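To start, the structure itself, in structure tokens.
The values are calculated or read from the model by the stated rules, or taken from the named source; none is laboratory data. Please read all numbers here as calculations on a predicted model, not as lab measurements. Backbone-built Cβ (ideal geometry, glycine too); neighbour counts: all protein chains shown.
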């Protein structure tokens, strides 16, 4: 053992040096483990404990050599991923490449001021769904973000209308000229979009941030997606726990590694090969094989739904800045009538009924996009065009165009108006 030599204790100075070597080795091992996205905290602590035991047998100098070799190998992997271009080949769409936790804003966004051109070989249902016998739709994407990390051609310039929603609003599978803000410009409507994967909690965070940063002179058009904005249960976060500087620094230290290419690459590999696949199904529309998530099908088939009170309360807290709520149906709801034309039974519409009830309660106008999307889908399917990607859960430029037309119509007839809610930062 390192603390004894010829059955006699070594000098105190040697013990101190050995201890420093061991602690330094453990620090290097711990830091290096943070580079790997498939390791959770329990596995990391287990490896650290095993390393501590191992270091006691191999000696302090060898322990330092082992830890430095591990770090050097990891840095070489990072260099190889960067030089070879292998880093980007693991991703099938820009979303995984650009998503970050924006420490400045306090929520997830895309990388600020990013510009990425990328070939998308297939959609999310094909990538992580159980069914591969669906029609793939490879296409090219230009993906641009502003200084806050949202998909806009320019920074916020006081636009009166904010578009707020999840990845459908962000148009994560669509090129920049096809996303909703771009299509609304064709109607001479200038908007600013805050879209990223999330839910009602995040949408309220966006509104709150914009209030404090830019003032209160805006109206948010919120887009609620049937597929994942209507959880069965939701519990609001309790009062924030007291945070000591050490734990806060440790979290920030770990967060740094999540932006490295080694972390992103290994995390993506883990997600692709080891995470449980989404259950999916296939329906045939005019000889086109379209994929559908089983979870979205189940949501569409709900006979009753009540929005959790905590979520309704969050929206109520910012209702003075909500100009309208739009309901985006699942792909299954839109294409169910086209795939089951011989069946008279229609799907229940529980989520929309919950939205309509919420709108009445908060005195906010609400619009169901199901009808316009279904009408457009019937018409487009005759030319083998669709409002949602065949291999993905998200809508495409044709579906987004339907939303743009509906919004423009409601602005023209006065259903959506700007109401100045108060002074800045309210």
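Structure notes:
Let's see how each residue does on (1) in contact with a strand residue (DSSP E or B) (Cβ under 7 Å, 6 or more places away or on another chain); (2) under 11 Å from residue 173 (Cβ atoms); (3) modelled with pLDDT under 90:
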site: 98; (1), (2), (3): yes, no, no
site: 105; (1), (2), (3): no, no, no
site: 117; (1), (2), (3): yes, no, no
site: 122; (1), (2), (3): no, yes, no
site: 131; (1), (2), (3): yes, no, no
site: 136; (1), (2), (3): no, no, no
site: 141; (1), (2), (3): yes, yes, no
site: 144; (1), (2), (3): yes, no, no
site: 148; (1), (2), (3): yes, no, no
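- Residue ID - surrounded by the fewest Cβ atoms within 10 Å (Cβ to Cβ), chosen from residues in the stretch 9-26 that are under 16 Å from residue 71 (Cα atoms) and touching a residue at least 40 places away in the same chain (Cβ under 8 Å): 24
- Selection within the stretch 379-402: residues that are in contact with a strand residue (DSSP E or B) (Cβ under 7 Å, 6 or more places away or on another chain) and assigned to a helix (DSSP H, G or I). The member of this set that is surrounded by the most Cβ atoms within 10 Å (Cβ to Cβ) is 399.
- For the stretch 321-361, a residue qualifies if it is free of Cβ contacts under 8 Å to residues at least 12 places away in the same chain and outside any helix (DSSP H, G or I), and the qualifying residues are 340, 341, 342, 343, 344, 345, 346.
- Enumeration of residues in the stretch 158-170 that are touching a helix residue (DSSP H, G or I) at 6+ places or on another chain (Cβ under 8 Å) and surrounded by fewer than 19 Cβ atoms within 10 Å (Cβ to Cβ): 158
- Residues in the stretch 92-130 that are part of a loop (DSSP other than H, G, I, E, B) and surrounded by fewer than 19 Cβ atoms within 10 Å (Cβ to Cβ): 103, 104, 105, 106, 111, 112, 113, 114, 121, 130.
- Being more than 17 Å from residue 318 (Cβ to Cβ), surrounded by fewer than 22 Cβ atoms within 10 Å (Cβ to Cβ), assigned by TED's automatic domain parsing to the domain that holds residue 290 and modelled with pLDDT of 95 or more holds for only one residue in 173, 155, and it is 155.
- Every pair of residues 6+ apart whose Cβ atoms lie under 6 Å, when the first sits in the stretch 301-319 and is within 25 Å of residue 208 (Cα to Cα) while the second is part of a loop (DSSP other than H, G, I, E, B) and modelled with pLDDT under 95: 308/234; 310/234; 310/236; 311/234
- Hey, residue 161 touching a residue at least 40 places away in the same chain (Cβ under 8 Å), over 23 Å from residue 101 (Cα atoms), assigned by TED's automatic domain parsing to the domain that holds residue 396 and touching a strand residue (DSSP E or B) at 6+ places or on another chain (Cβ under 8 Å) or not: yes
- Residue among 358, 380 that is in the same structural domain as residue 169 (by TED's automatic domain parsing), modelled with pLDDT of 95 or more and under 15 Å from residue 226 (Cα atoms): 358
- Of residues in the stretch 181-201 being touching a residue at least 60 places away in the same chain (Cβ under 8 Å) and in contact with a strand residue (DSSP E or B) (Cβ under 6 Å, 6 or more places away or on another chain), the one surrounded by the fewest Cβ atoms within 10 Å (Cβ to Cβ): 184
- Candidate set: the stretch 59-87, residues that are surrounded by 15 or more Cβ atoms within 10 Å (Cβ to Cβ), out of contact with any helix residue (DSSP H, G or I) (no Cβ under 6 Å at 6 or more places or on another chain) and over 27 Å from residue 259 (Cα atoms); chosen: the one modelled with the lowest pLDDT: 59
- When 388, 332, 336 are screened for being in the same structural domain as residue 120 (by TED's automatic domain parsing), over 25 Å from residue 194 (Cα atoms) and within 23 Å of the chain's Cα centre (by Cα), only 332 passes.
- Flag if residue 364 is closer than 13 Å to residue 225 by Cβ, touching a strand residue (DSSP E or B) at 6+ places or on another chain (Cβ under 6 Å), in the same structural domain as residue 195 (by TED's automatic domain parsing) and not in a helix (DSSP H, G or I): no
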